[in-house]
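**Q** Here it is: the structure, laid out below.
A short reminder: the numbers here are calculations on the coordinates, not readings from a lab. Just so we're clear, the structure is a prediction, and the values are computed from it rather than from any experiment. We place every Cβ from the backbone using ideal geometry, glycine too, and count neighbours over all the protein chains shown.
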Amino acid sequence: MMRALRKTGERTSRFFGEAVRGRPPGRPYVVLAWSMIAGALWFAIGLAGDSGWALPAIAGCYLGLLLASVCAIDARYGIIPDSMVLALAVGGALQAWLWGSGDLWWRGLEAALIFAAVWLFRAGYRWLRGHDGLGFGDVKFIAAGTLWVGADGIPGVLLIAVVSALVSLLIMRAQGQELHGKQAISFGPHLAVGLWWVWILAPQPM
């Protein structure tokens with residue numbers, strides 16, 4: 001397990017090192033990487049002077065590091081490992097439980113409903129277009145992210161993710177890459193930055 005964590009840490013550091021400096025192959029993610037870093041700084045500044053900073057700080061470090069790893073792995077390999085989705089869900093459930101058992105059950109119900117809705121969207125898109133527009137890992141990630149931000153936060157997550165993905169596509173186009181209607185991109189990193197900012201901007205009741 002420690003070996004896997006060390007390897008993931010190395011891949012994450014390499015990805016962000018390339019992305020923040022705009023070097024290939026991380027260049028399309030330069031704006032995304034800086035957005036993640038800006039979010040971390042915003043969060044840290046917001047905790048300054050708050051007497052109840054400890055639990056939010058722990059939750060923020062856990063979520064930020066996990067989402068950074070999702071960015072690195074999905075950007076390179078085009079997959080969000082189930083272990084990371086599980087870690088995201090467990091962290092979100094723990095956060096909801098600290099708020100109260102009622103919040104935990106409500107967030108769990110919201111996550112199940114969001115999973116069903118996004119899965120149906122994915123199936124409908126495939127039926128209409130003949131190819132997947134969203135990976136199944138993305139569906140699971142969105143459901144797990146619901147445990148962190150609730151169903152009300154998911155539209156914001158998706159909006160930020162779409163804008164971030166469009167920026168990456170524009171950078172790819174500026175690099176001379178040919179884009180087409182079936183262009184496949186890793187959407188996980190963009191969902192990660194969306195979840196990061198929505199969680200940061202939401203009130204932290206812990």
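**Q** Taking K and R as +1 and D and E as -1, what net charge do the other residues with C-beta under 13 Å from the C-beta of Leu32 add up to?
**A** Residues near Leu32 contribute -1 overall.
**Q** Among 134-143, 19-28, 42-51, how do they line up from the highest to the lowest mean number of other beta-carbon atoms within 10 Å?
**A** The densest-packed peptide leads the list: 134-143, 19-28, 42-51.
**Q** Still on this structure, I have one more. How many nm is it between the label spots at Arg21 and Arg173, if each spot is 7 Å from the Cα in line with the beta carbon?
**A** Label-label distance for Arg21 and Arg173, simple model: 2.9 nm.
**Q** What is the sum of charges, Lys and Arg at +1 and Asp and Glu at -1, for the other residues whose Cβ falls under 11 Å from the Cβ of Met172?
**A** Residues close to Met172 contribute a combined charge of +1.
**Q** On to the next question. Can you give me the three principal axis dimensions of the chain from its C-alpha atoms, in Å, biggest first?
**A** So the three principal-axis extents are 51, 40, 32 Å.
**Q** If each of Ile79 and Trp106 carries a label point 7 Å out from its Cα toward its Cβ, how far apart are those two points in nm?
**A** Roughly 3.8 nm, to one decimal.
**Q** Just order 116-128, 59-71 by mean Cβ neighbour count inside 10 Å, highest at the front, would you?
**A** By packing density, highest mean first, the sequence is 59-71, 116-128.
**Q** Quote to one decimal, in nm, the extra length available between Arg3 and Leu113 on full extension: 0.36 nm per residue of separation minus the C-alpha distance between them.
**A** Fully extending the segment from Arg3 to Leu113 adds 36.0 nm.
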